[in-house]
Amino acid sequence: MERVGVVGFGLMGAGIAEVSARAGLDVVVVDADQAALDRGRSRLEASLRRAEAKGKLTAAEGSADDVLARIRPVTELDALADRQLVVEAIVEDEAAKVDLFRTLDKTLTDDQAILASNTSSIPIMKLGVVTQRPEHVLGIHFFNPVPVLKLVELVPSLLTAPETTERSRAFVQDRLGKQAIDCQDRAGFVVNALLIPFILSAIRMYESGFASAEDIDQGLVLGAAHPQGPLALADLIGLDTTKAVAESLYEEFKEPLYAAPPLLQRMVDAGLLGRKSGRGFYTY
Ligand SMILES: CCCCCCCC(=O)CC(=O)SCCNC(=O)CCNC(=O)[C@H](O)C(C)(C)COP(=O)(O)OP(=O)(O)OC[C@H]1O[C@@H](n2cnc3c(N)ncnc32)[C@H](O)[C@@H]1OP(=O)(O)O
Ligand SMILES: NC(=O)C1=CN([C@@H]2O[C@H](COP(=O)(O)OP(=O)(O)OC[C@H]3O[C@@H](n4cnc5c(N)ncnc54)[C@H](O)[C@@H]3O)[C@@H](O)[C@H]2O)C=CC1
């Protein structure tokens, strides 16, 4: 695997492009417009400059400028034609992902090329079946922040060829230095199936007036050794993504514990999306 593509240059796409380019791969990143590419590029560059200033870039990775030179941000999906693997990281919206998978399937010239989704919660089968290559479609689910967190969930659908999963495992483990776990294809996979009820419970606790955001978060940081509390984590993930993911899980399981609380819905309506918009449960 030498030529990879990433679609969506947001929070996750920037991280996936960064770790791929740091691994020496040739990376094409696509987003919808120039403004989105500029935002993605600034986020990625800031992360690389910070890593460089802390002496964390290895000799093999090269300088921040060397890594940036391996990444080509573009607005045209056609630039992905020669890719061996494309990771989709656009908004968590099933209809948008289905549309994109249909197009990507036709764009990639290599019929062995792998089409992966970084979706947090949408069943992979829904994306595989709209392509002519469901055996080469799977979930490769990274965690935020991508350069820091080691885990990747590998999610084959019922139609994914075992060889596709193994090539993907080699990519994330041997090339990117991540650790993979295997998950069945159901909404939420392993980590989000457990994390989402936890974050939503914290939002309900705050919404009920039982405790302040600061006290809820401090409780989990100091009392359960979490690196950050659940409300700060929701702000890091993005409240729009948090809501969309909760809705997918609710649709799959119809369990009240996955239902998005009214406060979360109102915050998203108001444009309070967490760190990415400057205000969520906290102000940044
Ligand atoms: C309803 C739920 C819906 C779920 C929706 C979907 C979500 C998903 O699909 C899956 C997910 O990703 S779930 C989220 C998983 N992520 C977490 O749990 C993050 C937890 N927090 C942390 O790890 C630290 O607080 C964190 C690393 C963030 C910050 O750490 P610190 O507070 O210690 O801050 P720093 O000292 O500044 O950072 C520690 C080291 O990490 C580096 N770093 C921080 N942010 C970074 C970033 N954004 N990019 C690159 N590097 C970053 C930082 O440079 C520092 O490095 P060292 O100096 O070498 O230690
Ligand atoms: N935020 C998080 O903590 C995590 C998110 N994910 C998943 O990763 C995916 C992306 O999430 P984020 O990066 O947080 O979202 P984001 O909102 O930061 O970025 C999404 C990007 O996709 C672009 N986009 C939207 N539609 C597009 C299209 N049709 N073609 C090209 N670009 C398009 C947007 O312009 C934006 O730049 C979602 O599926 C999400 O569930 C997975 C792990 C963690």
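Report those helices (runs of 4 or more DSSP H) wholly inside segment 59-143 carrying at least 2 residues which are touching a residue at least 40 places away in the same chain (Cβ under 8 Å) and assigned by TED's automatic domain parsing to the domain that holds V19. Reasoning before the result, please.
On the way: elements: 64-69, 94-107, 125-128.
Answer list for segment 59-143: 64-69, 94-107.
Going through (1) farther than 23 Å from T242 by Cα; (2) part of a helix (DSSP H, G or I) one by one, G177 falls short only on (2). Here A161, A211, A224 are screened, and the one residue that is under 20 Å from L85 (Cα atoms), among the hydrophobic types (A, V, I, L, M, F, W, C) and modelled with pLDDT of 95 or more is A161.
Among the residues of segment 146-161, the one identified as among the β-branched types (V, I, T) and surrounded by fewer than 18 Cβ atoms within 10 Å (Cβ to Cβ) is V148.
Among the criteria (1) under 19 Å from L249 (Cα atoms); (2) crowded, with 20+ Cβ neighbours inside 10 Å; (3) over 13 Å from the mean Cα position of the chain (by Cα), the one A113 does not fulfil is (1). Residues that are more than 9 Å from ligand 2 (Cβ to nearest atom) and farther than 21 Å from A161 by Cα were ranked within segment 83-102; the one that is nearest to the chain's Cα centre (by Cα) is E94.
Regarding segment 129-146, can at least one residue be identified that is more than 30 Å from R50 (Cα to Cα) and within 14 Å of ligand 1 (Cβ to nearest atom)? So far as segment 129-146 goes, no, none of its residues is more than 30 Å from R50 (Cα to Cα) and within 14 Å of ligand 1 (Cβ to nearest atom). Considering only segment 203-227, state which residues are away from ligand 1 (no atom under 13 Å from the Cβ) and touching a helix residue (DSSP H, G or I) at 6+ places or on another chain (Cβ under 8 Å). Result: M205, Y206, E207, A211, S212, A213, I216. Restricted to helices (runs of 4 or more DSSP H) entirely inside segment 180-284, those with at least 3 residues that are touching a residue at least 40 places away in the same chain (Cβ under 8 Å) are 191-207, 230-237, 239-253, 262-269. Filtered by the rule that a residue be within 16 Å of ligand 2 (Cβ to nearest atom) and closer than 21 Å to L273 by Cβ, segment 203-226 gives a lone residue, I203.
Is segment 240-255 home to any residue that is of a type outside the set (G, A, S), exposed (fewer than 13 other Cβ atoms within 10 Å of the Cβ), touching a helix residue (DSSP H, G or I) at 6+ places or on another chain (Cβ under 8 Å) and within 22 Å of I122 (Cβ to Cβ)?
yes
The C-beta contact set for segment 35-57 (first residue part of a helix (DSSP H, G or I), second residue of a type in the set (S, T, N, Q) and away from ligand 2 (no atom under 16 Å from the Cβ), distance under 7 angstrom, 6+ apart or interchain) comprises E52/S63. Scanning segment 1-34 for residues that are aliphatic (A, V, I, L, M) and assigned to a strand (DSSP E or B) yields a count of 7.
The values are calculated or read from the model by the stated rules, or taken from the named source; none is laboratory data. Predicted model only: the values in this text are computed from it and were never measured. Glycine also receives a Cβ, built like all others from the backbone with ideal geometry; neighbour counts cover every protein chain displayed.
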